[in-house]
Amino acid sequence: MSTRKPFNSFDMAQEQFDHVAGLLGLDRATIDLLRWPLREYSFAIPVRLDDGTTRVFRGFRVQHNDARGPSKGGIRFHPAETMDTVRALAMWMTWKCAVVDIPLGGAKGGVICDPHDLSQREQERLCRGYVRQIAKNVGPVTDVPAPDVMTSAQHMLWMLDEFETVHGGKAPGFITGKPVGMGGSLGRKEATGYGVVFAIRGALKELELRPQDTRASVQGFGNVAQHAIELYQQIGGTVVAVSCWDQQDQTAYTFRKLPGVDLAELRAITDRFGGIDREKARDCGYDVLPGDQWLEQEVEILLPAALEHQITADNIERVRPTVRIIAEGANGPTGPIADQVLKERGVFMIPDLLANAGGVTCSYFEQVQNNMNYYWEKDEVLGKLDRKMTAAFLAVSELARKENLYMRDAAYVIAVSRVAEACRERGWI
Ligand code: NAD
């Protein structure tokens, strides 16, 4: 029997924090405050099912830190949800908001459930039940939820409606990720993927590479990947391969076309879950390769935009020496051992907390528009996003250069010191 401890994301989040706390020389009280969430809620949600019986679900909401502003983070519906996963994600949200310097803290929520087993009406009752349990502890000026794994704009609208029913009056800023026209922001769809490319553009400049002289390989072909590919191609880059998950085969495939993939052509043969039709892809001239082949393409940029823990000790040697930049579109795609190898190789790492922060930045813009009850054009949203992401990238890369730090460490140093400073200035520590 293996004695290896199962992977626990909160352990990992705390280890990352401990490393940065060491770099910053934080005092004991600051460490104790930031190593754990400020507040945690765990509650039962009884839901009347369509057959008249009642099932009780378990819900969580964790507010890791709100020294810089109301805490912000999605609500996940997942059968394997745990308090520890929610704690880790809440902590990562605190750092992500701080690194892009938006006035928000970090939170996360979850419900242990599989929405596939629930009808639409049961899901609606679950959303409303979740909000009733937590309505006094969240709100536009305290803690603002958003969609996440297996929750959608529709779930957000049900939650908003329940929140407004409990409190009376309209409060669109209570939740983000709403549909456009119902308080949602234009540009939210593009925000995370475009944000990744704003950061890649900064890295290319720093490495004195012209986008048109670079190639990329991408894991995933969902929301983040498709929009990242769109903007990267617009600035002149070539994408040679993308990979995605095949629901039917329950396996991943890589789709390669040289000199480069055609985004419009691929989108036309992709389902709404980001799965590409293999037969049609072959007809369009794509090589259909095993799912992990995206990792070993001869490219300058790797863009993991699917899942956590994809570049690991087991496959790091397959990453080609041509790779100069890794942009983490997904959360936590690089394992700690692989990360160390990449650091030693001098690969320019754009860490998740910076690379994919475009999403939460646009959610913040959504809240700002809700508060004003005035909505910006898409160009205005994307222009503001570009400025925020570029400023954050430059702050991190400048610190990395000045202090000879790995980009991930530099991003963490900036984020953690901003939060620690806010706690100190408030007189908490
Ligand atoms: P999505 O569901 O739209 O797309 C996921 C894609 O990954 C799909 O194409 C799917 O086929 C593919 N995929 C799944 N398993 C795979 C595997 N084993 N190998 C190859 N491909 C696989 O999701 P998304 O919104 O694009 O999010 C992608 C990642 O980015 C997630 O880690 C998410 O947490 C993170 N993220 C997303 C946002 C956002 O705004 N959407 C913001 C921050 C971080």
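The values are calculated or read from the model by the stated rules, or taken from the named source; none is laboratory data. The shown structure was predicted, so the numbers you read here are calculated from the model rather than taken from an experiment. Here Cβ is always computed from backbone atoms with ideal geometry, including for glycine, and neighbour counts include all displayed protein chains. Please note that ligands, DNA and RNA were not included when accessible areas were found on the heavy atoms of the full protein model with its side chains. Shrake-Rupley method; radii C 1.70, N 1.55, O 1.52, S 1.80 Å.
Some observations on this one:
- Near pairs, Cβ below 8 angstrom, 6+ apart or cross-chain, from the range 31-48 (modelled with pLDDT of 95 or more) to any residue that is acidic (D, E) and surrounded by fewer than 17 Cβ atoms within 10 Å (Cβ to Cβ): I31/D18; R35/D18
- Scan of the range 349-367 for residues that are of a type in the set (D, E) and within 9 Å of the ligand (Cβ to nearest atom), ordered by number: D352
- The number of residues in the range 121-136 being farther than 19 Å from F174 by Cα and either over 26 Å from the mean Cα position of the chain (by Cα) or without any contact (Cβ under 8 Å) to a residue 24 or more places away in the chain (or both) comes to 2.
- Taking first residues from the range 197-220 that are in the same structural domain as V239 (by TED's automatic domain parsing) and partners that are within 16 Å of the ligand (Cβ to nearest atom) and of a type in the set (K, R), the Cβ contacts under 9 Å between residues at least 6 apart in sequence or on separate chains come to F198/K388; S217/R256.
- Taken over the range 189-220, the residue count meeting the criterion of being at pLDDT 95 or above and within 16 Å of the ligand (Cβ to nearest atom) is 16.
Residue-wise test of (1) near the ligand (Cβ under 10 Å from one of its atoms); (2) within 24 Å of F7 (Cα to Cα).
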position	(1), (2)
D262	no, no
A268	no, no
G275	yes, no
A281	no, no
D287	no, no
G291	yes, yes
V299	no, no
E308	yes, yes
R318	no, yes
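- Residue in the range 253-260 that is touching a Pro at 6+ places or on another chain (Cβ under 8 Å), assigned by TED's automatic domain parsing to the domain that holds D287 and closer than 21 Å to E296 by Cβ present: yes
- Residue count for the range 298-323, restricted to those that are surrounded by fewer than 23 Cβ atoms within 10 Å (Cβ to Cβ), among the hydrophobic types (A, V, I, L, M, F, W, C) and under 19 Å from the mean Cα position of the chain (by Cα): 1
- Residue within the range 44-55 that is in the same structural domain as V149 (by TED's automatic domain parsing) and touching a Pro at 6+ places or on another chain (Cβ under 6 Å) present: yes
- Helices (runs of 4 or more DSSP H) wholly inside the range 324-393 containing at least 2 residues that are open to solvent by 40 Å² or more (accessible area, probe 1.4 Å): 336-345, 358-372
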